[in-house]
Amino acid sequence: MRLRVSAYLLPALVVVVLILLTVVMIWPVAAQLGRQIPGSDGDAYVHLWTARWVRDSLQAGRGIFFTDQIFHPVGTPLYWHNFAWFNILIWLLLQAFLNEATAYSLIFLGIIVFNGFATYLLAREVTGSQPASFVACIIVAFWPFTLSNHHHPNLILIGWVPLALLYLMRLMQKQRLVDALIFAVFVALIGISRWQMLVIGGLLLFIYFLYCLATQPQIRTYRLLKLTLLTGLISLLIMLPLLWPLLSAQFSRAYPEDLFAVTEGYHSDFLAYFIPSRYHPIWGQLVFERFYSNFGVSKVFVPFLGFTTLLLAVYGAIRQFPKARFWILATFLYIVLALGSDLVINGQPYLPLPYRLLDDISLFRMIRNPERFNVILSIPVALLAALGVQSLMQRQNLSHIQSWLLWVLVVGFILFEYAVTYPMLPLTVPQWFSQLANEEEDFAILNLPMHNRRYIENYMYYQSEHGKPLVGGKTARTPREAFEFIDSVPSLSRSPKTNAPPDEIAQVGSQLKSLADANVRYLILHKNFLTVEELDSWKEWLGLEPVFEDAELVVFGTSITIGEDVPMIDTGIPGLGLIKHSVTPVELRQGMNFIATIHWASNQAITEDYDVCLQVVNTEQIAVQEVCQAISTSWPTSNWDKDEIVFEEYSMNMSPYLDGGDYSIELFVFPDGESQNRGETIKIGNVNYLTLPRESVFDPDDIYYMAVAHWGESLALIEFDVNQDVGEMLSVDLRWGALKRIGESYKVFLHLVNNRTGELAAQVDSIPMKWTYPTNWWEEGEIVEDTIQLSTESVEPGSYQLWLGWYDESSGQRLLVTQSDQLTEKREDAFLLEEFP
C-alpha cells in the first residue's frame, strides 16, 4: 500500500532536501559563514557595499541615489547602479541579528534553494510528476552557469521567473483575477530583483504568452486582454517607487546614451555547452587548461548543460513532443541569444547570428553580455529534462522499484556533473585601516593602484572598516561626470591605465597639493596589488618618507611643508633645494651612462628659470666632465610655487677618455644663461669607473702617410684586404686610423651592389670590432684593426662592386669621402674596395 504524503508536507520535504544539497553542492559557503563570502570576483564586495550604503542612508535619513563615499570630492549618482533591492531587503532584516557577511552568505544559499523550489512548483504543474519535478528543481538550483556567477547574487535570483510563468499558465487557461494579480506581483519582483531581468527573464514570459495565443484560439478573449493590461499596470505600480528615480534621472541627464554604452560583451562559445565546469572538483583544472583558455572573455562563466541533463532533455523532447514544443522553442531561442553576434566554436568565429540585429536595440544593449541569457536557459532545459524523466519512469517494462532506482541514478549523475569547488572571497582588511577609523576628522583617502576594478572593489570593502570617502570607486553605470576630479589631476587620469607612477609628470608637489586641496589626506600604496618594481617606482617618484609602512601598505601624507615636514638641502639659490638624490649604477663600465635622480623642492615661490650642471669630479677635486641643462624642461622653475616637489632624472655618459677609478658626481645651480652666478656645489653620489684597456697601436705617421681614404677630418682607412675564401662570406680586414678624437659614434657599412641594375644585393652595418669599440672611444693617433664579414648566401652570380662607408649612428647621415684616388667614381659617400666580375 502506497503512503500518501500530504500536499503540504511533500513540498516542505523538497525544501529540506534542497537546503541540505545546497550546503553540500556549494561547499564551503556554509562552513565559512561570517569569515568569507562566496565569490571569485570583487563584485561581491560591491554588492555588500551597496547593501551597507542603503542601510546607512536609511538610518541617516539621507537620499539613497547619491553617494559622496566614492568618487570624492565629486561624488556620484547611483540611479544607474545595480541595486539588488530584494536581496538588500532580506539583508537588512538578517544583519540586524547576524553580522553583515553571514547575512550575505545566507541570502546566497537561500537564492539557490529558492530557484530550485520555484522550478519544482512549475515542473509539477507541467508534468504532474513529483520525481520529474525534483529533477527539474536540482537542474535549475545547481545550473553550472548560475553557480559560476559567484559575484552576481541578483543575476542568479531567477526564482520569480518560474513562479511568474506558473501563474501566467493559470491565467491563460483559467483567466482568473487572482492569477492575474499574483502574476503581476511576480513580474514586479523580477524587475525589483534586477532591472535587466525584465528583459532576460521577461522574454520567456512574453514568448509563452505569444505561443499560447498562436496555438490556442479559444483563449483569445476580451477578458484575457483586460487581465493582461491589468497585470501590466499593477506590475508597473509596484515597481514605480524604485523605477521612477532611474527613469527621471535618465531623461534629465547630460549624456543619456551612457546607459547603453557597450563594452566588450561576454558571449558563449558553443563548445562550452558541452565542456564540464572549470570548477568541478575532479576534472575542473584539466578542462580549464585544455578548453577554457580558448573561450576568450567568456572563460569565467560555465554554460555547461550537463550530459545527463542533455540526454534527458532530448529524450523528453522526442517522447513528449506536443507538450515539449514550447520548451524546445525557448531552449533554442535562449541558446542563440547567449551565443551573441557570432557563432564561435572553440574560440573560432564561423558565422553571424541574429543577435547582431538586436545590438542596436537599447533594451538589449543594456544587458551588456549576451551570455547572461544562459541563466534563464536553465528553465526550459530543466522542463525538457523533467519530461524526459517522466517518460522514463512511465515505461511499462520497468517495475516500480526499477523506476525509482533509475530516478536515483539520474539525480546522482546530475549532481555529480554539476559539483563544484566553490570559490570564496576573504574578509580581511589591512590593520592600518582600523587605526584610520579612529581619526575623527572628515577627509578622504586615495588608494593606489586605482585603475583596475578588482582593486577598487577591495577598497570599497575596506571602507567598511575605516569609513572614509574614496577617490575613485565602482558602480554598475558610472556617469562620466564622476571622473571630473580624477581627470583633472594628471597623475590620476584614467589614461593610460597603468599601475606604474606617472614618471612623465615631474611636478610631484603640485599633484599632492591637488589632493590636499580636495581634502584627500592620505595616499596609500597597496603592496598586494603592486609588483615590487611598481612599488619601488612609486616610492622613487614620490621621494617622501611614508607616514606608515607595514607588510601590506605604504602610506604617504599629501599635505607637506618643505623645510618643516620635509628637510631641504640648500643649493645657495633662495627657496630652491633638494630633498632626495641618488646616482645609479655606482659601478660603470666604459660607454655606460649613469642616472642622477633628483627630487627638487621649493620652500617659496620661484620666479625665474634655473639650470643645473652635473660634474664628474676626480679624487683631486677637479671637475673632468660637465653637462648643463634646464633643471626641468617639462616644469620650469619659474612655474614652481611654495612646497613644490619636482622629480627629474638626468642621464650622463662618462667620457671614454677618462682614466678608470673613483669619481664623485656633483651639481650646482645657476640662473638660466648666468653660469657665473652659480650656487653651492652639492655632492649627490659616487661612481667607480671601469675602463677597457686600449690594445691598439698608436702611430700617427702611419695614418698620415699610408691612408688610402679619408672620411672628413676624423677617420682614415690605412689598408684593407678582401678575402673570398670563407664559405658563403666575404671577409674584409680593415686597418683604421683616428685623425683626431671623434666625438660621435659612427657605424661602418659594407654594400655589395649589382653592377648591371645598381641594386643592393647584400649589406652589413656595425659598430667597429663586433660592436665593442665605438668610434667615440678612439683616441687621436690610434690605429684600430677590424674584420667585417658579409654574407653572400643569397647573392646571384654576376658582376658586383663592394663599397665601404660610415654614417652617424644617431642621425643616419653618411660621411663623405674627402681624400681618395676614387673621388672621380660615381659615389662620394663610400670607398670602392673591390669589383667582382
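Before moving on, here are some points about what is shown:
- From the options L333, L337, L329, residue that is buried (at least 24 other Cβ atoms within 10 Å of the Cβ), assigned to a helix (DSSP H, G or I) and either in contact with a Gly (Cβ under 9 Å, 6 or more places away or on another chain) or in contact (Cβ under 8 Å) with a residue 24 or more places away in the chain (or both): L337
- Residue within the stretch 473-491 that is open to solvent by less than 20 Å² (accessible area, probe 1.4 Å) and within 23 Å of W635 (Cβ to Cβ) present: yes
- Every pair of residues 6+ apart whose Cβ atoms lie under 9 Å, when the first sits in the stretch 23-50 and is free of Cβ contacts under 8 Å to residues at least 60 places away in the same chain while the second is of a type in the set (G, A, S) and open to solvent by 10 Å² or more (accessible area, probe 1.4 Å): V24/A30; V24/A419
- Enumeration of residues in the stretch 376-393 that are touching a Leu at 6+ places or on another chain (Cβ under 6 Å) and closer than 20 Å to L147 by Cα: I376, A385
Yes or no, residue by residue, for (1) out of contact with any Phe, Trp or Tyr (no Cβ under 8 Å at 6 or more places or on another chain); (2) under 30 Å from T127 (Cα atoms); (3) of a type in the set (V, I, T):
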site	(1), (2), (3)
L383	no, yes, no
Q402	yes, yes, no
Y418	no, yes, no
P423	no, no, no
F433	no, no, no
L446	no, no, no
I456	yes, no, yes
Q463	no, no, no
K468	no, no, no
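- Going through (1) under 20 Å from N369 (Cα atoms); (2) in a helix (DSSP H, G or I); (3) at pLDDT 90 or above; (4) of a type in the set (F, W, Y) one by one, W244 falls short only on (1).
- Total residues in the stretch 435-460 satisfying the condition of being part of a loop (DSSP other than H, G, I, E, B), under 16 Å from T558 (Cβ atoms) and among the polar types (S, T, N, Q): the figure is 0.
- Of everything in the stretch 656-691 that is among the aromatic types (F, W, Y) and either open to solvent by 60 Å² or more (accessible area, probe 1.4 Å) or part of a strand (DSSP E or B) (or both), the residue that is nearest to P585 (Cα to Cα) is Y689.
- Applying the criterion of being touching a Phe, Trp or Tyr at 6+ places or on another chain (Cβ under 6 Å) and small (G, A, S) to the residues of the stretch 676-730, the residue that is modelled with the highest pLDDT is A709.
- Which numbered condition L351 fails, given (1) in contact with a strand residue (DSSP E or B) (Cβ under 8 Å, 6 or more places away or on another chain); (2) of a type outside the set (K, R); (3) surrounded by 16 or more Cβ atoms within 10 Å (Cβ to Cβ); (4) farther than 28 Å from I138 by Cα: (3)
- For the stretch 366-393, the candidate set comprises residues that are closer than 12 Å to I335 by Cα and among the charged types (D, E, K, R); within that set, the residue that is most open to solvent (accessible area, probe 1.4 Å) is R372.
- Applying the criterion of being surrounded by fewer than 16 Cβ atoms within 10 Å (Cβ to Cβ) and closer than 12 Å to A738 by Cβ to the residues of the stretch 766-792, the residue that is nearest to the chain's Cα centre (by Cα) is E779.
Condition check ((1) closer than 30 Å to A476 by Cα; (2) surrounded by 24 or more Cβ atoms within 10 Å (Cβ to Cβ); (3) among the charged types (D, E, K, R)) across all residues:
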| position | (1), (2), (3) |
| --- | --- |
| C137 | no, yes, no |
| A141 | yes, yes, no |
| P153 | yes, yes, no |
| L157 | yes, yes, no |
| L163 | yes, no, no |
| L168 | no, yes, no |
| Q175 | no, no, no |
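- For the stretch 410-418, the count of residues that are part of a loop (DSSP other than H, G, I, E, B), open to solvent by 20 Å² or more (accessible area, probe 1.4 Å), of a type outside the set (D, E, K, R) and in contact with a Gly (Cβ under 9 Å, 6 or more places away or on another chain) is zero.
- Residues located in the stretch 602-631, provided they are small (G, A, S) and either in contact with a Lys or Arg (Cβ under 9 Å, 6 or more places away or on another chain) or under 21 Å from W777 (Cα atoms) (or both): S602, A605, A623
- Of all residues making up the stretch 750-763, the number that are buried (at least 16 other Cβ atoms within 10 Å of the Cβ) and under 47 Å from the mean Cα position of the chain (by Cα): 1
- S602 vs. criteria open to solvent by 30 Å² or more (accessible area, probe 1.4 Å), among the hydroxyl-bearing types (S, T, Y) and modelled with pLDDT under 95: no
- Count of the stretch 18-37 residues which are over 20 Å from C137 (Cα atoms) and of a type outside the set (V, I, T): 8
- Note on the stretch 461-576: enclosed strands (runs of 3 or more DSSP E) holding 2 or more residues that are within 22 Å of the chain's Cα centre (by Cα) and at negative phi are 520-526.
- Residues satisfying the stated conditions in the stretch 317-353, i.e. among the small types (G, A, S) and either over 16 Å from A123 (Cβ atoms) or in contact with a Phe, Trp or Tyr (Cβ under 8 Å, 6 or more places away or on another chain) (or both): A317, A330, A338, G340, S341, G347
So that you can scan it fast, the table gives a plain yes or no per residue for (1) at pLDDT below 90; (2) touching a helix residue (DSSP H, G or I) at 6+ places or on another chain (Cβ under 6 Å); (3) farther than 27 Å from Q285 by Cβ:
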{"residue": "Q396", "(1), (2), (3)": "yes, no, yes"}
{"residue": "H400", "(1), (2), (3)": "yes, no, yes"}
{"residue": "G412", "(1), (2), (3)": "no, no, no"}
{"residue": "F416", "(1), (2), (3)": "no, no, no"}
{"residue": "P423", "(1), (2), (3)": "no, no, no"}
{"residue": "Q431", "(1), (2), (3)": "no, no, yes"}
{"residue": "N438", "(1), (2), (3)": "no, no, yes"}
{"residue": "E441", "(1), (2), (3)": "no, no, yes"}
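- Note on the stretch 710-749: residues that are open to solvent by 60 Å² or more (accessible area, probe 1.4 Å) and in a loop (DSSP other than H, G, I, E, B) total 7.
- Checked against (1) surrounded by 17 or more Cβ atoms within 10 Å (Cβ to Cβ); (2) of a type in the set (G, A, S); (3) closer than 30 Å to L734 by Cβ, S632 passes all but a single condition, namely (3).
The values are calculated or read from the model by the stated rules, or taken from the named source; none is laboratory data. No experiment lies behind these values; they were computed from the predicted model shown. Quick reminder, even Gly has a Cβ in these numbers, built from the backbone with ideal geometry, and neighbours come from all protein chains shown. Ligands, DNA and RNA are stripped out before the accessible areas are found, and what is left, the full protein with its side chains, is counted by its heavy atoms. Shrake-Rupley method; radii C 1.70, N 1.55, O 1.52, S 1.80 Å.
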